[in-house]
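All remarks here apply to the structure that follows.
The values are calculated or read from the model by the stated rules, or taken from the named source; none is laboratory data. It should be emphasised that the depicted structure is a prediction, and the values quoted were computed from it without experimental measurement. Here the Cβ positions follow ideal geometry from the backbone for every residue, glycine too, while neighbour counts run over all protein chains shown. Surface accessibility is based on the protein's heavy atoms, side chains included, excluding ligands, DNA and RNA. Shrake-Rupley method; radii C 1.70, N 1.55, O 1.52, S 1.80 Å.
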Amino acid sequence: MRNFQKHLSKISTPYILAYTRRCKACWQCINACPSQVIGKVDFLWHKHIIIKKGENCKGCKKCIKTCPKGVFFETNKSNE
């Protein structure tokens, strides 16, 4: 169970969930995120985003709006 929680922290915050298999490494979401929540995995054939600082996520959803491949999904929690 602990490994699952660790994995979940690398693909989600309280506001967003990332489906990294859709990521095509355009990095637009990294540039759009004002809180520097999103980072890169750029190792050989593994090129996709990762949640680096999930605790910084404010729920602005700029990553959702910016991603052309639909990597990010809104969770049930709302910032409104």
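Take the cross-link list 6/52; 24/58; 10/65; 6/61; 10/47; 24/53 and give me the ones stretching past 18 Å between alpha-carbons. Mind showing how you got there, number by number?
Working: 6/52 12 Å; 24/58 24 Å; 10/65 20 Å; 6/61 22 Å; 10/47 14 Å; 24/53 21 Å.
Distance filter (> 18 Å) returns 24/58; 10/65; 6/61; 24/53.
Carbon and sulfur together cover what percent of the accessible area of segment 31-80 at a 1.4 Å probe radius?
On the way: 1810 of 3520 Å².
So the carbon and sulfur contribution to the accessible surface is 51 percent.
Give, rounded to the nearest 20 debye, the magnitude of the charge dipole that segment 1-77 has about its Cα centre when Lys and Arg contribute +1 at Cβ and Asp and Glu contribute -1 at Cβ. Don't jump to the answer; show the numbers that get you there.
Numbers: 16 positive and 3 negative charges, 14 e Å.
Taking the Cα centre of segment 1-77 as origin, the dipole is about 60 debye.
Once R0 is set to 25 Å, what does the formula 1/(1 + (r/R0)^6) return for the Cβ-Cβ distance between residue 21 and residue 61, expressed as a FRET efficiency to the nearest 0.05? Before the final figure, lay out the partial values.
On the way: r = 21 Å, r/R0 = 0.82.
According to the calculation, E is roughly 0.75.
For 63, 26, give the ranking by accessible area with the largest first, probe 1.4 Å. Could you put the intermediate results ahead of the total?
Details: 63 15, 26 65 Å².
Heavy-atom accessible area, descending, gives 26, 63.
Against the empirical 2.2 N^0.38 Å scaling, what ratio does the C-alpha Rg of the chain come to? Show your work: numbers first, answer last.
Details: Rg = 11.8 Å, N = 80, 2.2 N^0.38 = 11.6 Å.
After normalising by residue count via 2.2 N^0.38 Å, the value is 1.02.
Along the charge dipole of the chain, which of 25, 45, 67 sits closest to the positive end, that is, farthest toward it, with unit charges on the beta carbon of Lys, Arg, Asp and Glu (+1, +1, -1, -1)?
45
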